[in-house]
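Only one structure is covered here, and it is reproduced in the block below.
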Amino acid sequence: MIGFLVTAAGCVKSEPYLHHGSIHSRAMGRPMAYAAYVPRELPDGKRFPLVLFLHGGGDDPGAFDEVELGQALDAEVSAGRLPPFVLVLPDGEFGFWENWYDGSYRYADWVLDDLLPYVYGTLPVERCPDTCVVMGVSMGGHGALRFALRQPEIFDAVAAISAPIFNTDQMIEFSNRFVAKFLFQSRRVFGPANEEERARIEADDLYLRWSSPDDVEGLQLFFAWGTHDREGIVSANESFTQHLQDSQIAYSSIVYDGHHQWVDWKPVIIDLIRQMLSPDPADSVAPP
């Protein structure tokens with residue numbers, strides 16, 4: 001289960017297609033990078049939906065350029081298969097998109113408190129929560145779910161692709177693994193993980209927090225994972241979507257034929273953006 005927190009590398013570098021920049025983050029106390037996709041043929045004088053995209057562990061805001069996702073999105077928008085929209089891809093380093101328990105890093109605040117206001121002032125986007133969605137891959141899928149859990153009033157929809165989804169017992173077990181403690185610094189990021197800390201860990205347990213339709217407050221939920229995904233990803237997503245179904249919570253899911261890598265995520269990302277910006281309730285899954 002450790003390996004799925006690091007995304008697959010090995011993409012061929014290409015010339016940047018997205019706009020790349022950086023701003024000073026008060027939350028982080030230093031400049032932080034971001035990338036932005038704006039369609040080449042965006043109509044003037046209007047504001048458009050915002051897609052906030054969180055990359056996986058080991059990636060950075062250049063991930064879209066490496067697989068030419070900007071070009072693919074432009075082709076979809078130009079052909080009318082996607083509505084015009086703006087996508088922002090912040091740098092989350094290897095920080096799990098969390099405000100670290102030990103206070104040393106505040107990745108969530110960097111994105112939500114520093115970057116979003118800057119985006120509102122510089123890009124032609126509608127302010128959240130007006131047509132504002134968050135999505136991510138791997139570690140970024142974890143981050144997207146955490147953002148939506150903690151501030152559901154900001155987003156219309158959340159999409160988690162190849163994301164680790166832990167219940168409380170799994171979180172305790174994962175955090176106490178040797179590799180998690182020393183490679184991922186789990187205690188610094190998430191805090192101590194033991195029975196004495198159970199109540200604190202349960203506060204972020206999606207199984208407990210999302211157990212009825214009222215809990216998601218109208219948030220649209222989307223999940224995707226690969227048939228040959230990383231260890232634990234398939235079972236984690238199957239288990240959680242079954243929990244949602246048992247809890248009468250609507251969701252949409254994609255099981256794609258592929259692995260834990262950008263070349264397989266690329267068409268899934270495009271499909272999920274299409275669904276989130278032009279949702280069809282008939283695609284949602286919920287028991288009768």
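Any read-out appearing in this document is the output of simple, stated calculations on the displayed coordinates, not a laboratory observation. These figures come from a predicted structure and were not determined experimentally. All Cβ positions, even for glycine, are placed from backbone atoms using ideal geometry, and neighbour counts span all protein chains on display.
Between GLU238 and GLU197, the modelled labels are 3.0 nm apart [label points 7 Å from Cα along Cα→Cβ].
Between ARG81 and HIS259, the contour length at 0.36 nm per residue exceeds the alpha carbon distance by 61.5 nm. In percent, rounded to a whole number, the relative contact order of the chain is 19, using alpha-carbon pairs under 8 Å and six or more apart. Spin-label model, HIS228 to TYR118: label points 7 Å out along the Cα-to-beta-carbon direction sit 3.9 nm apart.
If only the Cβ of Lys and Arg carry +1 and only the Cβ of Asp and Glu carry -1, the dipole of the chain around its Cα centre is close to 560 debye.
Could you pull out the longest piece of the chain with no exposed loop GluC sites (Glu not before Pro) in it, calling a site exposed if DSSP puts it outside H, G, I, E, B and it has at most 14 other Cβ atoms within 10 Å?
Values: sites that count: GLU41, GLU153, GLU217, GLU231.
With a cap of 14 other Cβ atoms within 10 Å, the longest stretch comes to 42-152.
Shown is the FRET efficiency for ARG177 and HIS24, computed with R0 = 41 Å from the Cβ-Cβ distance and rounded to the nearest 0.05: 0.70. For segment 36-190, the orientation-averaged shadow of the C-alpha convex hull comes to 9.6 nm² (one quarter of the hull surface). In segment 139-288, the convex hull through the Cα atoms has an average projected area of 9.2 nm², a quarter of its surface area. The fewest-to-most ranking of ILE172, ILE201 by surrounding Cβ atoms within 10 Å reads ILE172, ILE201. Think of segment 3-277 as having a plus end and a minus end, set by charges on the Cβ of Lys, Arg, Asp and Glu; of ASN167, LEU82, PHE182, PHE182 sits farthest toward the positive end of this dipole.
Can you give the log10 of the normalised intensity I(q)/I(0) at q = 0.09, 0.10, 0.12 Å⁻¹, computed with Debye over equal Cα scatterers of the chain? Log-scaled intensity ratios, in q order: -0.40, -0.49, -0.73. With unit charges on the beta carbons (Lys and Arg positive, Asp and Glu negative) and the dipole taken about the Cα centre of the chain, which residue among PHE53, LEU149, PRO267 sits farthest to the positive side? Towards the positive end, the residue furthest out is PHE53. Placing pseudo-labels 7 Å out from each Cα toward the beta carbon at ALA250 and ARG274 gives an inter-label distance of 2.0 nm. Remark on segment 110-226: Rg and Dmax equal 15.7, 48 Å (Cα only).
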